[in-house]
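Worksheet for the structure shown next.
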Amino acid sequence: TDLHIDETLLAEASVAALIRFDSADRDAGGRFTGVFKALKTSVVDKLQQELVALQATAALLEQQRESIGLQQMQVSALFEKVLLELHREVDLQAEQQSLRAAAQLYRHTRRVWVPRVLPVSTASLTAMEFIPGVHPEQGRDYRGGARRVAQLIFEAIICMPLFSTAERALFHADPHGGNILIVEQDTFPHLQIGLIDWSLTVYLSRSQRTQIMQM
């Protein structure tokens with residue numbers, strides 16, 4: 001197999017690392033650039049330790065919430081949500097499903113780029129296409145200016161899922177600057193927004209989105 005894997009990490013997060021690779025593209029007759037997302041060694045075991053500690057903390061706060069002024073807070077329910085999201089952080093197959101769902105959400109526009117999941121992905125490794133962009137905070141003179149970039153980000157992350165005609169719409173639940181890429185290519189005349197890291201997502205029903213708009 002004609003595959004070249006970079007020796008240095010492309011990026012590193014708390015639970016996973018990203019490694020760039022290049023391979024022969026038989027369909028296009030050129031090179032294909034992709035990214036491997038791999039869980040760090042022992043991260044699942046360490047997460048289990050943290051989950052046990054969080055459950056013990058939740059139980060302690062639940063017992064003492066009146067004495068520490070947390071009478072109105074649903075402590076157990078809050079911690080259950082936190083535990084669920086921590087589990088999802090290390091569930092690469094769930095993220096792969098979210099990537100495919102996001103690709104469907106944005107399939108009608110070329111202005112939003114979601115990395116395509118490759119068939120060789122597994123439960124412990126996600127293989128996807130590489131998005132050649134830079135993060136918004138890197139400070140460049142983008143085509144159309146900073147205001148246009150902000151508008152595109154808002155449209156992609158808020159407006160498109162909010163006004164989706166689907167009964168349930170997928171939202172990126174971790175849209176900080178590190179998960180947003182600004183793409184400028186000579187082959188495409190407009191700016192594109194790349195959205196990466198779909199490990200944290202949420203689905204909102206049409207009714208929930210209507211209530212948000214009414215608020």
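Quick look at the values:
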{"quantity": "Criterion violated by E137 - all others in (1) on the phi > 0 side of the Ramachandran plot; (2) open to solvent by 30 Å² or more (accessible area, probe 1.4 Å); (3) not basic (K, R) satisfied", "calculated": "(1)"}
{"quantity": "Failed criterion for A17 (all others in (1) part of a helix (DSSP H, G or I); (2) within 15 Å of I196 (Cβ to Cβ) hold)", "calculated": "(1)"}
{"quantity": "Qualifying position, being on the phi < 0 side of the Ramachandran plot, within 22 Å of the chain's Cα centre (by Cα) and small (G, A, S), among A53, A13, A77", "calculated": "A13"}
{"quantity": "Residue check for T201: open to solvent by less than 70 Å² (accessible area, probe 1.4 Å), under 28 Å from H4 (Cα atoms), at pLDDT 90 or above and of a type in the set (S, T, N, Q)", "calculated": "no"}
{"quantity": "Single residue of L195, L200 found to be touching a His at 6+ places or on another chain (Cβ under 9 Å) and farther than 24 Å from F21 by Cβ", "calculated": "L200"}
{"quantity": "Enumeration of residues in region 115-149 that are outside any helix (DSSP H, G or I), among the hydrophobic types (A, V, I, L, M, F, W, C) and farther than 30 Å from D45 by Cα", "calculated": "I131, V134"}
{"quantity": "Evaluation of P189 against (1) surrounded by fewer than 17 Cβ atoms within 10 Å (Cβ to Cβ); (2) in a loop (DSSP other than H, G, I, E, B) (one fails), failing number", "calculated": "(2)"}
{"quantity": "Residue within region 149-164 that is open to solvent by less than 20 Å² (accessible area, probe 1.4 Å), among the small types (G, A, S) and over 27 Å from I5 (Cβ atoms) present", "calculated": "yes"}
{"quantity": "Set V117, V90: member being touching a residue at least 40 places away in the same chain (Cβ under 8 Å) and under 19 Å from A16 (Cα atoms)", "calculated": "V90"}
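The values are calculated or read from the model by the stated rules, or taken from the named source; none is laboratory data. This is a predicted model, so every value here is computed, not measured. Cβ: placed from backbone, ideal geometry, glycine included. Neighbour counts: every protein chain shown. These area figures cover heavy atoms from the full protein model, side chains too; ligands, DNA and RNA do not enter into them. Shrake-Rupley method; radii C 1.70, N 1.55, O 1.52, S 1.80 Å.
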